[in-house]
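This report refers to the structure that appears directly beneath it.
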Amino acid sequence: MALKNVTDDSFEQDVLKSDKPVLVDFWAPWCGPCRQLAPSLEAIAAEHGEQIEIVKLNIDENPDTAVKYGVMSIPTMNVYVGGEVVQTIVGAKPKAALERELAEHIG
């Protein structure tokens with residue numbers, strides 16, 4: 001399952017106005033750990049898509065949003081609920097570790 005890409009222009013509509021929690025993966029194509037993380041995020045999206053939406057934001061193409069939310073290193077994942085950051089996860093982690101960190105959002 002390919003994850004939706006969001007942009008600086010679509011961020012407010014796609015993320016901040018969402019009715020359910022949204023995990024935003026701040027990434028870049030040149031980032032090895034980001035590429036390692038992608039299959040785990042795709043699997044979580046496939047299994048838990050009813051509870052949480054997972055999207056990707058390419059920081060090279062959309063620097064404004066990354067700067068606004070203080071993303072200093074990638075991969076960084078922010079979970080947004082009601083337009084607010086409620087959780088930040090930094091670094092590539094195995095799927096099981098991500099699911100533990102996201103437990104309150106995915107049931």
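Observations on the model:
- Residue check for residue 8: surrounded by 15 or more Cβ atoms within 10 Å (Cβ to Cβ), at pLDDT 95 or above and in a helix (DSSP H, G or I): no
- Counting the residues of the range 34-59 that are of a type in the set (Asp, Glu), surrounded by 13 or more Cβ atoms within 10 Å (Cβ to Cβ) and not in a strand (DSSP E or B) gives 2.
- Taken together, the criteria place residue 79 among residues that are in contact with a Ser or Thr (Cβ under 8 Å, 6 or more places away or on another chain) and aliphatic (A, V, I, L, M).
- Being surrounded by 13 or more Cβ atoms within 10 Å (Cβ to Cβ) and among the charged types (D, E, K, R) is a property that does not hold for residue 100.
- Residue count for the range 63-86 satisfying the condition of being of a type outside the set (A, V, I, L, M) and either assigned to a loop (DSSP other than H, G, I, E, B) or under 18 Å from residue 49 (Cα atoms) (or both): 8.
- Every pair of residues 6+ apart whose Cβ atoms lie under 9 Å, when the first sits in the range 3-15 and is of a type in the set (Phe, Trp, Tyr) while the second is loosely packed, with under 15 Cβ neighbours inside 10 Å: 11/64; 11/68
The values are calculated or read from the model by the stated rules, or taken from the named source; none is laboratory data. Worth saying up front: this structure is predicted, and the values here are computed from it rather than measured. Backbone-built Cβ (ideal geometry, glycine too); neighbour counts: all protein chains shown.
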